Amino acid sequence: MNASVPIKHTQAESDLIGRFDTARGALTGSVAVTALREAAVSQIRDKGLPHRRVEEYKYTDLRAFMKAAAPMAAAADEATVRTLLDSHDAFDGLERYRIVVANGAFLPGLSDIEALAGEGVSVASLTEELAGPHGAQLLASPKSAANDGVLALNTAFVQGGVVVTVKEGAEVSRPVELIHVAASAGAQISRNRIVVAKGAKLSLLETFAGDSGDGEINTVFDYDVADSASLATTRLIVGQSHAARLFTSITTIGAKAEFKSLGFIAGPRFTRNQQFVNFAGENSNAGIYGVTMARDEDLADQTLIVDHAVPNCNSREFFKTVLDGRAKGVYQGRINVAPHAQKTDGEMMTQALLLSEEAEMANKPELEIFADDVICAHGATSGQIDEDLLFYLRARGIPEDEARTLLVLAFLAEAIEEYGEDDVTEGLEARVRDWLTGH
């Protein structure tokens with residue numbers, strides 16, 4: 001018999017275990033939810049934070065990055081939230097509806113609840129739903145993310161969030177912005193469930209404002225795209241931050257459905273944007289895109305697992321990364337094809353542009369195929385700016401700095417344009433220009 005050897009906890013892991021004991025009374029939920037929280041904390045106690053010896057975190061060592069863990073953020077002051085909202089406009093000039101979550105809590109008074117109801121969209125507080133008979137279902141994890149450390153942290157400490165439901169057949173006329181506001185220092189832990197019912201259509205913008213100080217932000221988005229429904233999600237992770245920024249998407253796609261997503265990263269010191277996509281119905285399509293910009297010593301991780309569990313589905317994954325200084329980019333992507341998922345068509349590409357000799361890119365695209373009648377491919381490239389193209393632009397009178405900017409913008413714009421959501425294209429390309437101007 002082999003006795004298990006207890007791990008030696010880091011300061012951050014000890015802080016997290018102590019944080020749960022302190023916050024236990026304020027963390028709402030049914031008896032089943034409380035049991036899930038305690039199991040998640042036990043996982044942290046037994047295994048610690050994800051680290052480089054965990055294959056999925058080989059290039060993104062959260063244990064090494066988190067030196068300590070801040071207490072949970074207090075309830076947000078609504079006046080402070082209003083001020084932050086007034087100074088935050090991620091998509092200037094775009095008409096949209098807003099749903100506001102601040103310090104992990106849903107604020108209906110600052111959200112367009114009545115207007116959304118007129119469009120067939122209902123919004124409920126996740127905190128209230130967790131206390132109900134089906135609360136534990138809201139904290140479920142997919143098989144492909146079983147025992148994931150970031151999800152365990154979210155399950156243990158989730159403060160709140162929203163449950164958004166688009167009724168059957170509704171086509172929301174404007175994008176819906178789900179904005180998470182860090183109105184004070186401290187850990188901000190939230191989870192959101194987005195249900196797009198049969199035949200419905202929604203464009204969702206996920207943005208973040210404010211600063212959590214030394215407290216990590218850990219946000220989960222759980223998408224349920226029903227048969228013949230359509231969902232496009234745009235996640236904008238920007239702004240300077242020295243605390244961990246951890247984001248997880250869990251997507252279930254029904255039959256004859258359409259799903260698109262774009263994760264845009266520029267600014268935080270440590271970011272992990274992980275996605276778990278599962279095809280649950282036939283004849284559906286998914287397009288998953290990513291744009292990453294990092295400089296100095298930033299680390300930006302885009303991780304993706306696509307499970308083709310049924311036949312006759314298509315997926316496209318296209319990610320672009322630009323790195324400067326001593327920044328590190330990570331792309332981990334895997335397409336799983338089940339034995340009976342015949343007629344699967346999956347294609348994955350990741351491309352990186354390195355602007356300095358010290359920048360580093362870790363590309364890890366994978367295929368795991370157990371069916372024989374499929375079309376699947378993956379590719380990865382890393383390189384520097386094409387000197388021939390640079391010479392071509394300079395020969396036509398364009399200054400070198402401007403020529404480099406144009407080439408980088410063109411490189412990243414390819415993924416944004418292939419994403420194909422015209423409402424957000426201009427805003428995203430403006431963010432690229434802002435980053436390049438700062439560079």
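Please treat every number below as a calculation from the coordinates, not as lab data. Treat the numbers as computed from the prediction; the structure is a model and nothing was measured. FYI the Cβ positions are ideal-geometry reconstructions off the backbone, even for glycines, and counts take in every protein chain you see.
Overview of results
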| item | result |
| --- | --- |
| Descending Cα extents along the principal axes, the stretch 385-439, whole Å | 35, 23, 16 |
| Among 388-401, 162-175, 281-294, the order from most to least packed when residues are scored by Cβ within 10 Å on average | 281-294, 162-175, 388-401 |
| Counting DSSP beta bridges with both ends in the chain, the antiparallel % (nearest 5) | 5 percent |
| The stretch 22-74: GluC sites (Glu not before Pro) in DSSP coil with no more than 14 other Cβ atoms inside 10 Å | none |
| Cross-link table K67/K364; K256/K343; K8/K47, entries beyond 20 Å C-alpha to C-alpha | K67/K364 |
| C-alpha center-to-center spacing [the stretch 361-381, the stretch 108-149] in angstrom | 33 Å |
| Chain lengthening between E168 and A26 when straightened (0.36 nm per residue, less Cα-Cα) | 47.6 nm |
| Average projected area [Cα convex hull, the stretch 184-318], square nanometres | 7.5 nm² |
| Environment charge at R174 (Cβ cut-off 12 Å; Lys +1, Arg +1, Asp -1, Glu -1) | -3 |
| Förster-model FRET efficiency, 51 Å R0, S42 and T437, C-beta, rounded to 0.05 | 0.60 |
| Convex hull volume per residue for the stretch 364-405, taking Cα atoms only, in Å³ | 102 Å³ |
| Per-selection Kirkwood Rh - the stretch 293-372 (Cα, Å, 1 d.p.) | 13.6 Å |
| Under 19 Å from K260, Cα to Cα: lysines that are on another chain or at least 8 residues apart | K198, K201, K320 |
| Net length gained if the chain between T425 and A64 were fully extended (0.36 nm per residue, minus Cα distance) | 126.4 nm |
| Ascending count of other beta-carbon atoms within 10 Å, so fewest first, for T207, T437, T80, T233 | T437, T80, T207, T233 |
| Residues T405, T219, sorted so that the one with the fewest Cβ neighbours within 10 Å comes first | T405, T219 |
| Residues F106, F370, sorted so that the one with the fewest Cβ neighbours within 10 Å comes first | F370, F106 |
